[in-house]
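Here, each number is a calculation from the coordinates, and none is a lab measurement. Source: prediction; values computed, not measured. Heads up, the Cβs are rebuilt from the backbone with ideal geometry, glycines too, and the neighbour counts pull from every protein chain shown.
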Amino acid sequence: MIRAITGLLSGIVFGFGLALSGMMNPARVRGFLDLFGQWDPTLAFVMGGAILAMALAWLFQAQTDKPACASQYHLPDTKHIDGRLIGGAALFGIGWGLGGLCPGPGIASLATQFVPALIFVASMLLGMTFFRLWNRG
């Protein structure tokens, strides 16, 4: 039960941060990518804040044996960079640039811009399903 409550509260804080920073607005992301037009640096500040927060989280994780709501940390077991990783990152970036949303802001946007966000989330789920089916073989 405590894990569910912690997850819910974390999601609420994350969604609030997305709304406060304007990252639920696809125009912000496209504005950041418009280097030779009306460039919007907001996303750079959001990314800088996220990098700082993650650096602090890594420092905290290194000093503790286990997280507060689980029996162990679940960290990636590989650091291997291959074509699939690079291709997936490129595909993610292209989709983010074209759509102006990524999964977190897309799901959060269901509360404020339902129809466009629903189209994005449905497309995202369809793509995830297609990958799972394609990746089986």
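I want to verify a result. In a Gaussian network model of the chain, Cα cutoff 10 Å, which of these has the top mean-square fluctuation: 112, 64, 78?
78
What does the extension gain come out to for residue 92 and residue 16, with contour length at 0.36 nm per residue minus their alpha carbon separation? Provide the component values of the computation, followed by the final result.
Values: separation 76, 0.36 × 76 = 27.36 nm, distance 2.32 nm.
Between residue 92 and residue 16, full extension yields an extra 25.0 nm.
Hey, what's the Cα Rg ratio for the range 23-88 versus the globular rule of thumb, 2.2 N^0.38 Å? Let's see the in-between values first.
On the way: Rg = 17.2 Å, N = 66, 2.2 N^0.38 = 10.8 Å.
The reported ratio for this selection is 1.59.
I need the phi-derived Karplus couplings for the range 7-13: 6.51 cos²θ - 1.76 cosθ + 1.60, θ = phi - 60°, integer Hz, Gly and Pro marked x.
x, 4, 5, 5, x, 5, 5
Let me have the 222 nm mean residue ellipticity of the chain computed from DSSP H runs of 4+ only, each contributing -39500 (n - 2.57), with the sum over all residues rounded to the nearest 500.
Numbers: 6 runs with 95 residues, N = 137.
That comes out to -23000 deg cm²/dmol.
Quick check: convex hull over the Cα atoms of the range 2-59, volume per residue in Å³, rounded to an integer?
Expressed per residue, the convex hull around the Cα atoms of the range 2-59 is 83 Å³.
Once you order the gyration tensor axes a ≥ b ≥ c over the Cα atoms, which shape class does the chain get: rounded for a/c under 1.5, otherwise prolate or oblate by comparing a/b with b/c? Walk me through the numbers on the way to the answer.
Numbers: a/c = 1.42, a/b = 1.23, b/c = 1.15.
Here the chain falls in the rounded category.
Of the residues 11, 100, 87, which exhibits the maximal mean-square fluctuation in a Gaussian network model of the chain defined by a 10 Å Cα contact cut-off?
Taking springs between Cα atoms under 10 Å, the residue moving most is 87.
Could you calculate the FRET efficiency of residue 72 with residue 123 from 1/(1 + (r/R0)^6), where r is the beta carbon distance between them and R0 is 41 Å, rounded to 0.05? Show your work: numbers first, answer last.
Numbers: r = 35 Å, r/R0 = 0.85.
That pair, residue 72 with residue 123, gives E of 0.75.
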